[in-house]
Amino acid sequence: MIALEYDPVGRCRRIWAMIVKEIVQLRRDRVTLATMIAIPVFQLTLYGYAINTTPKHLPTALLVQETSDVGRSILAALQNTEYFTVTRQVYQVDMLDRLLASGEVLFAIEIPTGFERALRRGDHPALLAISDGTDPVAIASAMAALDGLVRSALKAAHAVPEASVEAFEIRQHRRYNPAGVSQLNIVPGLLGTILTTSMLVFAGLSLTREAERGTLESLLAMPVSPLEIMMGKVAPFVAVGFVQGVLVLAAGVVLFGVPILGSLALLGTLTVLFITANLSIGFTFSTFGQTQLQSMQMVMLFFLPNLLLSGFMFPFAGMPTWAQWISEGLPLTHYLRIVRAIMLKGSDFADLQADVLWLAALTLVAMAIAVASFRRTLD
C-alpha cells in the first residue's frame, strides 16, 4: 500500500472520488439499485396487506344428518359470520373425511340425527366440530368463536330458552394433531423451507460462478445443448437435495416424534419434483445475473415470498384472495400442503392431485424459462 502524507484537503478529495466512483458503479448495477430502493417498499406493501395472524372466512363443510329448522339456522349463522365460509354441504361421513384429508376444507361441523328433538326435550345433545390440526394457528380463533355462534343461532330459532346455558355442547375434535403439538406443523414445513433455501442458492450460483472463474467459455465451447447443460448441472443437486430431505425427515421422526402416516415412496417422488422446481428457478436466476451477488439478490427476492406467503410462518387462509393467488405460484406453497398431508393425514395421490399438478406445471414453466434464458446467454 502506498503511504500517503497527512493532508486533510487531499483526504477529503480522495474520499469524495471514491464516493463518486461507487455511485457510478451502483447506477450501472441496476439489479442492486432496484433491490436497495424498490424492493423493500414493494415487500412492505405486499406483506403488510397479505399477512394476517387471525384468519377468517375459513372453508367449512357441514354434515347434515337431519333436515330441521335448527340445522338451517346453524347453516345461516355460519354463512353470515366472518370466521367460516360453508363451501360444501354433505350427507355422508366418508365424504366429510375425504374433504378434510384433501385439504379442501379446514373445518367440518356435524349435526347428528335427532339433534333438534333432543334439544327441545332438554336432553343436552352434542354437535361435533372437526378441525384440521395440521395448521393450529389458522383454526384457533375460529374454534373459539364457534360456541357463541351456534348458541346465538339456536336462540334466534327459539330452540334454546334464554335462561338455558348448557342446553347443548360442542365436542371439538382436532384431527391429525389432537394435542396441538407445534412440532407436527413446523417440522414438515422446515423440510420444504430448507430444501428451498439450499436448492435456490446452489443453482442460483452455478453459471455466475463459472463466469467469474473464467470457465464459462470452455463450457460454451462444448458440443452440448442448453437443455443438456442445465440437466447436467441440476442432476447432482437433485441427489444432494434428496439426501438433505432424508436427513431432515429422519431427524423429525427420531427427535420430534413426527409421524409418517402416508406412503414414503409418494413423499420421495414428490420431494424430487419439488427439488427440481427450485433448481430450475435458481438456474434461471443464474442466467439472468451477471455476478454471484446479483444472483443471490434475486434468490433472496424469490425466497422471502416463499417463506412468508406459503403458509409456513403465517396461516394461508388468513391472506386476502389476491395474496393467495400469488402464493399459488410458489412451489413451497404446494409442497407444504403435500408433505403435511402425507405425513400427518396419510393422504394418497388422489387427495393431492391439485397440488401435484400445480407443482408439475411450475416445474415445467421454470425449466422452459431457464433453457430459453440460457440460450440467449449462449447467443
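Odds and ends about this structure:
- Scanning the range 24-71 for residues that are in contact (Cβ under 8 Å) with a residue 60 or more places away in the chain and open to solvent by 80 Å² or more (accessible area, probe 1.4 Å) yields Tyr49, Thr53, His57, Asp69.
- Subset of the range 73-99 (residues that are open to solvent by 50 Å² or more (accessible area, probe 1.4 Å) and in contact (Cβ under 8 Å) with a residue 40 or more places away in the chain): Tyr83, Arg98
- For the range 305-342, filtered to residues that are free of Cβ contacts under 8 Å to residues at least 60 places away in the same chain and within 21 Å of Ala142 (Cα to Cα), the residue that is surrounded by the most Cβ atoms within 10 Å (Cβ to Cβ) is Gln324.
- Identity of the residue in the range 1-23, open to solvent by 100 Å² or more (accessible area, probe 1.4 Å) and of a type in the set (Lys, Arg), that ends up modelled with the lowest pLDDT: Arg11
- When each of Leu190, Leu216, Leu195, Leu200 is tested for being modelled with pLDDT under 75 and in contact with a helix residue (DSSP H, G or I) (Cβ under 9 Å, 6 or more places away or on another chain), the lone residue that passes is Leu216.
- Selection from the range 182-199 of residues that are open to solvent by 50 Å² or more (accessible area, probe 1.4 Å), touching a residue at least 12 places away in the same chain (Cβ under 8 Å) and of a type outside the set (Gly, Ala, Ser): Gln183, Leu190, Ile194, Thr197
- Out of Leu128, Leu119, sole residue that is open to solvent by less than 80 Å² (accessible area, probe 1.4 Å), at pLDDT below 85 and out of contact with any strand residue (DSSP E or B) (no Cβ under 7 Å at 6 or more places or on another chain): Leu119
- Subset of the range 281-326 that is in a loop (DSSP other than H, G, I, E, B) and of a type in the set (A, V, I, L, M) - its residue that is nearest to the chain's Cα centre (by Cα): Met313
- Taking the numbered list (1) under 28 Å from Gly204 (Cβ atoms); (2) among the aromatic types (Phe, Trp, Tyr); (3) surrounded by fewer than 23 Cβ atoms within 10 Å (Cβ to Cβ); (4) touching a residue at least 24 places away in the same chain (Cβ under 8 Å) in turn, Phe349 passes all entries but (1).
- Number of residues in the range 334-367 that are in contact with an Asp or Glu (Cβ under 8 Å, 6 or more places away or on another chain) and polar (S, T, N, Q) equals 0.
- Residues of the range 228-263 classified as part of a helix (DSSP H, G or I), under 28 Å from Asp351 (Cα atoms) and not hydrophobic (A, V, I, L, M, F, W, C), total: 4
- A single member of Ala323, Ala341, Ala368 is within 30 Å of Glu228 (Cα to Cα) and of a type in the set (A, V, I, L, M, F, W, C), and it is Ala368.
- Residues that are open to solvent by 30 Å² or more (accessible area, probe 1.4 Å) and under 15 Å from Gly71 (Cα atoms) were ranked within the range 150-168; the one that is modelled with the lowest pLDDT is His158.
- Only a single item in (1) under 20 Å from Ala368 (Cα atoms); (2) more than 19 Å from the chain's Cα centre (by Cα); (3) modelled with pLDDT of 90 or more is not met by Ala265, and it is number (1).
- Annotation: Leu63 fulfils all but one of (1) among the hydrophobic types (A, V, I, L, M, F, W, C); (2) within 24 Å of Phe312 (Cα to Cα); (3) outside any helix (DSSP H, G or I); the unmet one is (2).
The values are calculated or read from the model by the stated rules, or taken from the named source; none is laboratory data. Keep in mind it's a predicted model, so treat the numbers as computed, not measured. Note that we place each Cβ from the backbone using ideal geometry, even for glycine, and neighbour counts take in every protein chain shown. Remember, those area values only see protein heavy atoms, side chains included, never the ligands or the DNA or RNA. Shrake-Rupley method; radii C 1.70, N 1.55, O 1.52, S 1.80 Å.
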